[in-house]
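One structure below.
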Protein chains: 2
Amino acid sequence: MDQPPGPAPTRLRAIPSRLIAGAAIAADRIVADRLATEGARKWHFAVLAALAETGAASQAELGRRTGIYRSDMVAVLNELADADCVRRDPDPVDRRRNVITLTPAGRRHLERLDALVSDAQRELLAPSPPPSRANSSTC
Amino acid sequence: MDQPPGPAPTRLRAIPSRLIAGAAIAADRIVADRLATEGARKWHFAVLAALAETGAASQAELGRRTGIYRSDMVAVLNELADADCVRRDPDPVDRRRNVITLTPAGRRHLERLDALVSDAQRELLAPSPPPSRANSSTC
DNA sequence: ACCTTCCGTTAGTGCCACTAACGTTTCGGC
DNA sequence: GCCGAAACGTTAGTGGCACTAACGGAAGGT
């Protein structure tokens, strides 16, 4: 946190897209920080979760389900495969595809990441210590 | 749009940070697309708006007000200065600082960008054509 | 047989958030 | 007055993510 935030001009403060962006980077950082404790990023979690839920799939299918571009998927799967969280086998029925399978180690890893992400969501949604009924000055 | 989105696993669909992130990238894209028609990015708009509202300021002060890192501010101001939207003069009273001043051209540019951003916000907040009272299937 | 489409992969771009280090200048304490 | 801490502008570089372009190989439709 190099930059102590100053007061934003009202012209900027009220812009929805800026508010959303601010919320998103705060949320992303909380999640990313949590996942970093396991050396993971949000994509790893997304891919593992998708695999756990719908079983083995091709890389393209995983990309569609998680929103990850297929070009980026390659690196993610390389990392997951290096960590033995996932196996990448050529599909015998369609030789264009790879079949991605979740390993037991991957499933365990997913459970750890899932806990971290859940924690992050809780931290996200409950940042106000006392939700006091007599409501705040800027109401 | 290379990737036709597929159905996301429910485990992912319900995660707040993912929803926020999705909203943010949609919002960012709308704004960025609009601003691109004038060759600008959101930072240019933010800096010009901050200058218009509070008058001349140092680069560091602008950074605090807009949320832009002072290292990135340099390039933004270079671009704005190249386009004659802004002047960058050494501060006579504190020689560490530069005084950034909005030029008439900059003010005109700001008005154009402001219109684009306003349009974007409207598009953002009104994506549902009929807000029909008999409410949607997934209620 | 063609042509189109899909697949995995490589390479690269652009925006943004963020860090590190630098030389200069100013300020606070002593 | 001096010295160290802090602020400033600048340069350089990192890393994550969204996205594009192009490829060779394989499958599918007609």
With r defined as the distance between the Cβ atoms of residue A:125 and residue B:125 and R0 fixed at 22 Å, what FRET efficiency is calculated, to the nearest 0.05? 0.45
Can you work out ³J(HN,Hα) from phi for every residue in the stretch B:77-83, in order, using Karplus 6.51 cos²θ - 1.76 cosθ + 1.60 and θ = phi - 60°, giving whole Hz and x for Gly and Pro? 5, 4, 5, 5, 5, 4, 8
Would you tell me the mean number of C-beta atoms belonging to other protein chains that fall within 10 Å of each C-beta in B:115-122, as a whole number? 2
Suppose a student asked you for the relative contact order of chain A, using Cα pairs under 8 Å spaced at least 6 residues apart; what percent would you report? 24
Could you tell me the calculated FRET efficiency between residue B:3 and residue B:78, based on Cβ-Cβ distance and R0 = 51 angstrom, to the nearest 0.05? 0.90
For the stretch B:1-78 and the stretch A:66-101, compute the distance between their C-alpha centroids and round to whole Å. 32
Run the label-point distances for residue B:41 please: 7 Å along Cα to Cβ, every other copy, nanometres, shortest first. 1.8
Using a 10 Å cut-off around each Cβ, can you sort A:58, A:118, B:17, A:71 from fewest to most neighbouring Cβ atoms? A:71, A:118, A:58, B:17
Inter-copy spacing of residue B:112 label points, which lie 7 Å from Cα along Cα→Cβ, given in nm from shortest upward: 5.4
Using alpha carbon positions and the Kirkwood radius, the Rg to Rh ratio of the protein assembly as shown is 1.05
Measure nothing but the geometry: give the 0 to 90° angle between the long axis through the Cα atoms of B:104-125 and the longest principal axis through the Cα atoms of chain B, rounded to 10°. 10
Simple label model, 7 Å out from Cα along Cβ direction - residue B:60 to residue A:108, nm: 5.1
Between copies, how far does the label point of residue B:56 sit from its twins, in nm, shortest first, when each point is 7 Å from Cα along Cα→Cβ? 7.0
Checked the stretch B:1-119 with the C-alpha gyration tensor, a ≥ b ≥ c its square-rooted eigenvalues, rounded below a/c of 1.5, otherwise prolate if a/b is larger than b/c and oblate if not; verdict prolate
If I take the rotation axis that carries chain A onto chain B, which residue of chain A has the nearest beta-carbon, and at how many angstrom? A:24, 2
If one takes the longest principal axis of the Cα atoms in chain A, at what angle in degrees, from 0 to 90 and to the nearest 10, does the Cα axis of helix A:16-36 lie? 50
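Quick note: the coordinates plus some simple rules give every number you see, no bench work behind them. Keep in mind that this is a model prediction, so the values were computed, not measured. As a convention, Cβ positions derive from the backbone with ideal geometry for all residues, glycine included, and neighbour counts pool all protein chains shown.
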